[in-house]
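S.K.: Right, I'll just put the structure down here and ask away after.
Coordinate-derived values only; no laboratory data. Everything quoted here is computed from the prediction, not taken from an experiment. Virtual Cβ from ideal backbone geometry, glycine too; neighbours counted across all protein chains shown.
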Amino acid sequence: MTTATQTCPECDGPVDVGDTVRASEVIECPECRSELEVVATEPLLLALAPEVEEDWGE
Amino acid sequence: MVSSTAPRTALLASRTRFEEKRLLEALDRRGIPCTAIDTRTVRHHLHDTPPPWDLVLNREISATKALYAALTYESAGVTVINSATAIETCGDKWRTSLALRAAGIPTPPAALALTAQAAEEAAEEIGYPVVLKPLVGSWGRRVALIPDAAALRTVLEYSEALPSPLAKLAYLQRYVDKPDRDIRVIVVGGIPIGAMYRTSDGWRTNVARGATTTACPLTDDLAKLAATAARETGADLAGVDLVEDADGGLQVLEVNHGVEFKGFQEAHTDRIDVAELIVERLVLGADRRMDRETVREVGA
């Protein structure tokens, strides 16, 4: 699995994804605070997470 | 070491948050194989053979998708936690209120109004300030503290303009003059495992809105109310929200079926491992070491 620092698709800032990242995991860009989704792990690919919808929540 | 009785398990989610990651790690530690189902890939034909799982941990973040996934898997003979029944009840504030009231659980006076005009009359009957909540939704979004009739009329005009028929219904609740905190109790398989205070500068005390969390002693009253509320709403895994009223009494506000526990875990550090307890009680079905004495210990 690729664990190197990735680039935020929103701000191009560095995002350290750690070495236990899983598919569909949501992580926050430390620079722009965007929510990012791990859309693939081999190779690792980040995308902006979907917008919150009306019926989301705990 | 995997138990010989471990059910074939799947975890349904479209987002792997703190909670889902902890659950998957807890399953891994027990050696319990678990299929991660991405909700976005779910499709089910009427004549499909049943899916190869005994148990689905339903962690879908959308209440609608969680409900329909639960209905689908349950129809195929799979145990789904939380169940479709629990999601239908807990995912709708009015249904929750009806279930709490029917069970005699203390909960603030509330009303459902089917039109804006009826909502204005109901608010007068409840007395201002009132809390206007969307029937479906969470994290404190669109929950409004309404000081007077003029403000209510304005907010209802916005609700009337929303496309969803559900959004046009008004759920009104009497405002509880509580401290700057509420209490969340997590119930796993009928047993309250601990409580936390959620404290905020504002009147909404959702963790998603920035509330801070601290451990709260799990008193007998809290444990009993939370366990009853979870049972009566059908939730095997529940986050029961309560407030302390001006007289020191406890009122149940709502029961969350898709409970997040990051804030709870931070408040209790390693004294209570929520994911471990979920795996132990709901996946393995074990109730050892979870008697009342243990509950008292972990909540203290």
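S.K.: Sorted from largest down, give the three principal axis spans of the alpha carbons of segment B:150-300, whole angstrom values.
M.R.: Extents along the principal axes, in whole Å: 55, 32, 25.
S.K.: Once you have the Cα-Cα distance between residue B:124 and residue B:44, take 0.36 nm times their residue separation minus that, and quote the gain in nm to one decimal.
M.R.: Values: separation 80, 0.36 × 80 = 28.80 nm, distance 4.77 nm.
Difference between extended and current length: 24.0 nm.
S.K.: Average partner chain C-beta neighbours within 10 Å, per residue of A:21-27? Mind showing how you got there, number by number?
M.R.: Working: counts 2, 6, 3, 11, 8, 8, 2.
What the average comes to for A:21-27 is 6.
S.K.: Moving on to the next point. Can you give the convex hull volume per residue for the Cα atoms of the protein assembly as shown, as a whole number of Å³?
M.R.: 157 Å³
S.K.: Compute the relative contact order of chain B as a whole-number percentage, counting only Cα pairs closer than 8 Å that sit 6 or more residues apart in sequence. If you can, show how the numbers build up before the last one.
M.R.: Values: 571 pairs, mean separation 54.8, N = 300.
Contact order relative to length: 18 percent.
S.K.: Quick check: the angle from helix B:93-102's long axis to the longest principal axis of chain B, C-alpha only, nearest 10 degrees?
M.R.: Taking the Cα atoms of chain B, the angle to B:93-102 is about 90 degrees.
S.K.: Here's another thing I want to ask about it. What net charge is computed for the residues neighbouring residue B:246, neighbours being all others with C-beta under 13 Å from the C-beta of residue B:246, Lys and Arg scored +1, Asp and Glu -1? Could you put the intermediate results ahead of the total?
M.R.: Numbers: positive: B:174, B:178; negative: B:177, B:244, B:245, B:247.
Neighbourhood net charge equals -2.
S.K.: Here's something else I'd like to know. Hey, what's the Kirkwood Rh for chain B if you take every pair of different alpha carbons, in angstrom?
M.R.: Values: mean 1/r = 0.0498 Å⁻¹.
Mean inverse Cα-Cα distance, inverted, gives 20.1 Å.
S.K.: Now a separate question. Just want to confirm a number: the relative contact order over segment B:144-231, from Cα pairs under 8 angstrom separated by 6+ residues, in percent.
M.R.: Working: 90 pairs, mean separation 18.2, N = 88.
21 percent.
S.K.: Can you compute the modelled spin-label distance between residue B:164 and residue B:64, with each label point 7 Å from Cα toward Cβ, in nm?
M.R.: 0.7 nm
S.K.: Then there's this: Can you give the extra length, in nm with one decimal, that the chain gains between residue B:94 and residue B:28 once fully stretched, where that is 0.36 nm per residue apart less the Cα-Cα distance? Don't jump to the answer; show the numbers that get you there.
M.R.: Numbers: separation 66, 0.36 × 66 = 23.76 nm, distance 3.83 nm.
Extending this stretch completely gives an extra 19.9 nm.
S.K.: Another question, then. Kindly provide the pair-distance distribution of segment B:79-238 built from C-alpha pairs, with 5 Å bins from 0 and whole-percent values in order of increasing distance.
M.R.: Taking every Cα pair in segment B:79-238, the percentages come to 1, 9, 15, 19, 21, 17, 10, 6, 2, 0.
S.K.: Do any trypsin sites (Lys or Arg not before Pro) in segment B:5-69 lie in a loop, going by DSSP, with at most 12 other beta-carbon atoms within 10 Å of their beta carbon, and if so which? Write out the running numbers ahead of the final one.
M.R.: Values: sites: B:8, B:15, B:17, B:21, B:22, B:29, B:30, B:40, B:43, B:59, B:65; in loops: B:8, B:15, B:17, B:43, B:59.
Here the sparse-neighbourhood loop sites are B:43.
S.K.: How many Cβ atoms of partner chains, on average, are near each residue of A:46-57 if near means within 10 Å of its Cβ?
M.R.: On the way: counts 0, 0, 0, 1, 4, 0, 5, 6, 13, 14, 14, 15.
Per residue, the average neighbour count from other chains is 6.
S.K.: If you line up the long axis of helix B:220-232 against the longest principal axis of chain B, both from Cα atoms, how many degrees apart are they, to the nearest 10?
M.R.: Here the helix axis deviates by roughly 80 degrees.
S.K.: Taking the alpha carbon gyration tensor of segment B:13-127, what are the square roots of 5 times its eigenvalues, largest first, to the nearest whole Å?
M.R.: Working: eigenvalues 259, 59, 37 Å².
Equivalent-ellipsoid dimensions as semi-axes: 36, 17, 14 Å.
S.K.: Okay, next question. Ordered by residue, what ³J(HN,Hα) values in Hz, to whole numbers, does segment B:21-28 give under the Karplus form 6.51 cos²θ - 1.76 cosθ + 1.60, where θ = phi - 60° and Gly and Pro are x?
M.R.: The phi angles translate into 5, 5, 5, 5, 5, 5, 5, 4 Hz.
S.K.: Enumerate the lysines that residue B:168 could reach by cross-link, defined here as Cα to Cα under 20 Å, with residues fewer than 8 away along the same chain left out.
M.R.: B:93, B:133
S.K.: Further question on the same structure: Restricting to bridges with both residues inside chain B, how much of the DSSP beta-bridge set is antiparallel, in percent to the nearest 5? Can you show the working numbers first?
M.R.: On the way: 36 of 48 bridges.
Around 75 percent of the beta bridges assigned by DSSP in chain B are antiparallel ones.
S.K.: Obtain the nm distance between the two label points defined at residue B:208 and residue A:4 by a simple spin-label model: each point lies 7 Å from its Cα along the Cα-to-C-beta direction.
M.R.: Those two pseudo-labels are separated by 3.7 nm.
S.K.: Right, something else. Which of rounded, prolate, oblate describes segment B:1-62, given a ≥ b ≥ c as roots of the alpha-carbon gyration tensor eigenvalues and a/c under 1.5 marking rounded, otherwise prolate only if a/b is larger than b/c? It would help to have the intermediate numbers written out before the result.
M.R.: Details: a/c = 3.16, a/b = 1.21, b/c = 2.62.
Since a/c reaches 1.5 but b/c is at least a/b, the shape of segment B:1-62 is classed as oblate.
S.K.: Add -39500 (n - 2.57) for each DSSP H run of 4 or more in chain B, then divide by its residues: what number comes out at 222 nm, to the nearest 500 deg cm²/dmol? Please list the in-between numbers first.
M.R.: Values: 10 runs with 100 residues, N = 300.
Dividing the helical sum by the residues of chain B leaves -10000 deg cm²/dmol.
S.K.: Give me the angle, in degrees from 0 to 90, between the Cα long axis of helix B:63-75 and the longest principal axis of the Cα atoms of chain B, rounded to the nearest 10.
M.R.: In chain B, helix B:63-75 runs at an angle near 40 degrees to the longest axis.
S.K.: Considering the Cα positions of chain A, please state its Rg to one decimal place and its Dmax as a whole number of Å.
M.R.: Taking only Cα atoms of chain A, I get Rg and Dmax of 11.5, 35 Å.
S.K.: For segment B:59-166, what D do you get in µm² per second when you plug the Kirkwood radius from alpha-carbon pairs into Stokes-Einstein at 20 °C and 1.002 mPa s? Write down the numbers at each step before the final one.
M.R.: Details: Rh = 15.7 Å.
This corresponds to a translational diffusion coefficient of 137 µm²/s.
S.K.: Under a crude label model (7 Å from the Cα following the beta-carbon direction), how far is residue A:40 from residue A:19 in nanometres?
M.R.: 2.4 nm
S.K.: Work out, step by step, the length gained on full extension between residue B:153 and residue B:101: first 0.36 nm times the residue separation, then minus their alpha carbon distance; give nm to one decimal. If you can, show how the numbers build up before the last one.
M.R.: Working: separation 52, 0.36 × 52 = 18.72 nm, distance 2.78 nm.
Going from the current span to full extension adds 15.9 nm.
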